[in-house]
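Following: one structure in structure tokens, then a few remarks.
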Amino acid sequence: MTDADVDGSHIACLILTFFFRYMFDLIKNGYVYLATPPLYLVKKGKEEVYCWTEEQREEAALRLGKGSDKGYTVQRYKGLGEMSDVQLWETTMDPSRRRLRKITIDNAAAAERTFSMLMGDDVPPRRQFIEENAHYANIDA
């Protein structure tokens, strides 16, 4: 479990690199999951909507604001530490409501090349990868 922002994604990548390199069988046998906490809470009165994407936040704001940009609040979680224990349980830890992504390896050789490129000392290939794939990123700048 890491923060829902770009920094959390980077930390998840580091953790997954560790599992891939030193505990590969855990991934191969289906024991590794990423918990996905929400990035936003949209609230009006007692109604609360947790949102994992910008699009979900916009939809919740429209619905709760009834088309207006007033009458609701948006809380952006910069990290898991900003959530109360109850919120963390409700959104990320409760087995009946949490969102988990199972980590799988479809092509170990390609995964090895990607991890080596992302974590290696050679900057130009990493820069090229980032430039070519930046449009897939959920950037919250």
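Gln75: net charge of surrounding residues, Cβ under 11 Å, Lys/Arg +1, Asp/Glu -1, itself excluded? Numbers along the way, then the final one.
Working: positive: Lys43, Arg57, Arg76, Lys78; negative: Glu48, Glu82.
For residues surrounding Gln75, the net value is +2.
Nearest 20 debye, what's the magnitude of the dipole of the chain about its Cα centre given +1 on Lys and Arg Cβ and -1 on Asp and Glu Cβ? Each step should come with its number before you reach the end.
Values: 19 positive and 22 negative charges, 86 e Å.
Roughly 420 debye for the chain.
Classify the chain: rounded, prolate or oblate, from the alpha-carbon gyration tensor (a ≥ b ≥ c, eigenvalue square roots; a/c under 1.5 rounded; otherwise prolate if a/b is larger than b/c)? Before the final figure, lay out each step's value.
Numbers: a/c = 2.83, a/b = 1.74, b/c = 1.62.
Here the chain falls in the prolate category.
Enumerate the helices in the chain for which the Kyte-Doolittle hydropathy averages -0.5 or more and the C-alpha atoms extend at least 20 Å along the helix's axis, using complete DSSP H runs. Before the final figure, lay out the partial values.
Numbers: long enough: 6-22 (24 Å, 1.12).
The answer, listed by residue number, is 6-22.
At 222 nm, what value in deg cm²/dmol follows for the chain if DSSP H runs of at least 4 each add -39500 (n - 2.57) and the sum is divided by all its residues, to the nearest 500? Don't jump to the answer; show the numbers that get you there.
On the way: 6 runs with 61 residues, N = 141.
Result for the chain: -13000 deg cm²/dmol, rounded to the nearest 500.
Please work out how much length the chain gains when fully extended from Lys46 to Ser84, using 0.36 nm per residue of separation minus the C-alpha to C-alpha distance, in nm with one decimal. Display every interim value, and only then the final one.
Values: separation 38, 0.36 × 38 = 13.68 nm, distance 1.63 nm.
Between Lys46 and Ser84, full extension yields 12.0 nm more.
According to a simple spin-label model (label point 7 Å from Cα along Cα-to-Cβ), what is the distance in nm between Asp69 and Thr17?
For Thr17 paired with Asp69, the spin-label model returns 4.0 nm.
When the distances between all Cα atoms of region 1-74 are binned every 10 Å from zero, what whole-number percent does each bin get?
18, 34, 22, 16, 9, 0
Please state the relative contact order of the chain as a whole percent: Cα pairs under 8 Å, 6+ residues apart? Let's see the in-between values first.
On the way: 158 pairs, mean separation 38.1, N = 141.
The normalised contact order for the chain reaches 27 percent.
Quick one: how many lysine pairs does region 25-141 have with C-alpha atoms less than 18 Å apart and a gap of 8 or more or different chains? Give me the count, please.
Values: Lys28/Lys102; Lys43/Lys66; Lys43/Lys70; Lys43/Lys78; Lys44/Lys66; Lys44/Lys70; Lys46/Lys66; Lys46/Lys70.
Counting lysine pairs in region 25-141 gives 8.
When Lys and Arg each count +1 and Asp and Glu each count -1, what net charge do the other residues less than 10 Å away from Tyr31, Cβ to Cβ, add up to? Kindly include the intermediate steps, with their values, before the conclusion.
Values: positive: Lys28, Lys102; negative: Asp25.
Net charge around Tyr31: +1.
If I take R0 = 30 Å and measure r between the Cβ atoms of Thr114 and Glu54 in this structure, what FRET efficiency does the formula 1/(1 + (r/R0)^6) give, to the nearest 0.05? Please list the in-between numbers first.
On the way: r = 26 Å, r/R0 = 0.87.
Working from the Cβ atoms, E equals 0.70.
Using the charge dipole of the chain (Lys, Arg: +1 at Cβ; Asp, Glu: -1 at Cβ; taken about the Cα centre), state which of Ser9, Ala61, Gly81 has its Cα farthest towards the positive end.
Farthest towards the positive pole: Ala61.
FYI, it's all coordinate maths here, none of it is from the lab. Fair warning: this is a prediction, and the values are worked out from it, not measured in the lab. Methodologically, a virtual Cβ is constructed for each residue, glycine included, from the backbone with ideal geometry; neighbour enumeration extends over all protein chains shown.
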